[in-house]
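The values are calculated or read from the model by the stated rules, or taken from the named source; none is laboratory data. Owing to the predicted nature of the structure, the values given are computational and were not obtained by experimental measurement. Positions of Cβ are backbone-derived with ideal geometry, glycine not excepted, and every protein chain shown enters the neighbour counts.
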Amino acid sequence: MEHFDKQSDNVKGALILMLAAFGFSLMVAMIKLVGERLPVTQILFVRQLGMTVMLAPVLVRTFPDSLRTSRLPLQIARILLAMIAMLCGFTAILNMPLADATAIAFAKSFFVTIFAVWFLKETIGLYRWSAVAIGFIGVLVMLRPGADGFTIYGLMAVTGAASAGLVMVIIRMLSRTEAPSTILAFQAIGVGLVMAIPAYIYWVPPTLHEWVLLAGIGVVSYFSQKANIYAYSYGEASLLASLDYVRLVYATLFGWWLFSELPGISTWVGAAIIIGASIYTVHRESRRKQRLSSGADGREFSNN
């Protein structure tokens with residue numbers, strides 16, 4: 001711990017982010033393992049139930065403020081989109097190689113850019129639009145439409161990424177007026193309630209091993225999210241967003257170790273294009289914010 005305290009804030013953030021990325025990759029691997037027999041709706045319900053239980057102390061302590069909102073329609077939209085993102089994302093994970101599903105999920109950043117223009121009226125320049133276009137070329141390389149390797153699950157991975165991107169934009173909108181605990185509570189409880197009925201209908205009694213995996217998914221999800229928050233409290237967002245792509249390395253290792261999966265050439269090429277375009281987008285965003293903060297009254301900047 002003493003050695004950790006001596007590090008710079010960016011190094012501290014990077015180290016914690018690596019731990020968070022490992023946790024998220026482990027969670028995905030456990031979802032794929034338990035999903036070999038259990039339906040995705042059941043996995044999602046138990047995960048959300050576990051998250052709600054772990055959030056309960058905070059929710060109870062701040063009740064009723066934790067459930068008070070002035071933007072109920074947006075909260076409901078976020079719940080539905082989060083549900084779609086997780087259902088599609090989890091289904092893709094269960095039916096695709098881990099590395100493929102993880103790489104396509106990174107397309108979320110491009111959808112955030114598109115939806116930010118649409119809903120937040122942000123101005124995006126030629127360079128960032130070019131990065132979005134190149135990123136989607138990377139997605140097409142991985143999906144290989146028209147080829148024998150093309151499956152519906154690749155489209156579900158893209159749908160999950162798009163839904164997650166729109167969730168991020170809605171969170172930006174909600175964060176202007178809503179407390180973080182309220183935003184967190186509505187998703188944890190809301191998605192769990194929506195999933196309760198299909199989980200009950202398609203419920204498969206888990207074995208002891210599967211219960212351990214389900215519990216592990218909830219615990220690892222919670223602590224990985226906490227680690228992710230702590231990482232960004234230390235390090236610069238532009239640096240950490242670039243390092244987050246280490247998840248692809250972890251996913252590849254878990255896929256090889258647990259499922260004997262090794263990515264093909266199209267996965268590596270497509271992932272390289274997606275990651276390169278995403279890092280460039282993060283870099284442009286970082287420069288834009290620097291110009292925004294250094295301009296007169298913080299308003300003079302060129303947004304590309």
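As for the range 86-99, it holds no residue that is touching a residue at least 12 places away in the same chain (Cβ under 8 Å), of a type in the set (A, V, I, L, M, F, W, C), farther than 21 Å from Phe24 by Cβ and part of a helix (DSSP H, G or I). Number of residues in the range 116-133 that are more than 17 Å from Val169 (Cβ to Cβ) and of a type in the set (Asp, Glu) equals 0.
Okay, residues lined up against (1) without any contact (Cβ under 8 Å) to a residue 40 or more places away in the chain; (2) farther than 28 Å from Glu36 by Cβ; (3) out of contact with any Ser or Thr (no Cβ under 8 Å at 6 or more places or on another chain):
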{"position": "Leu240", "(1), (2), (3)": "no, yes, yes"}
{"position": "Arg247", "(1), (2), (3)": "no, no, no"}
{"position": "Ala251", "(1), (2), (3)": "no, no, no"}
{"position": "Phe259", "(1), (2), (3)": "no, no, yes"}
{"position": "Trp268", "(1), (2), (3)": "yes, no, yes"}
{"position": "Ala272", "(1), (2), (3)": "no, yes, yes"}
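Of the residues making up the range 220-234, those that are of a type outside the set (Phe, Trp, Tyr) and either modelled with pLDDT of 90 or more or closer than 23 Å to Ala103 by Cα (or both) are Val220, Ser221, Ser224, Gln225, Lys226, Ala227, Asn228, Ile229, Ala231. Summed over the range 85-104, the residues that are closer than 20 Å to Ile171 by Cα and surrounded by fewer than 19 Cβ atoms within 10 Å (Cβ to Cβ) give a count of 0.
The condition of being of a type in the set (Phe, Trp, Tyr) and either closer than 17 Å to Ile279 by Cβ or within 13 Å of the chain's Cα centre (by Cα) (or both) does not hold for Phe119.
Among the numbered conditions (1) among the hydrophobic types (A, V, I, L, M, F, W, C); (2) more than 30 Å from Val46 (Cα to Cα); (3) at pLDDT 80 or above, the only one that Leu120 does not meet is (3).
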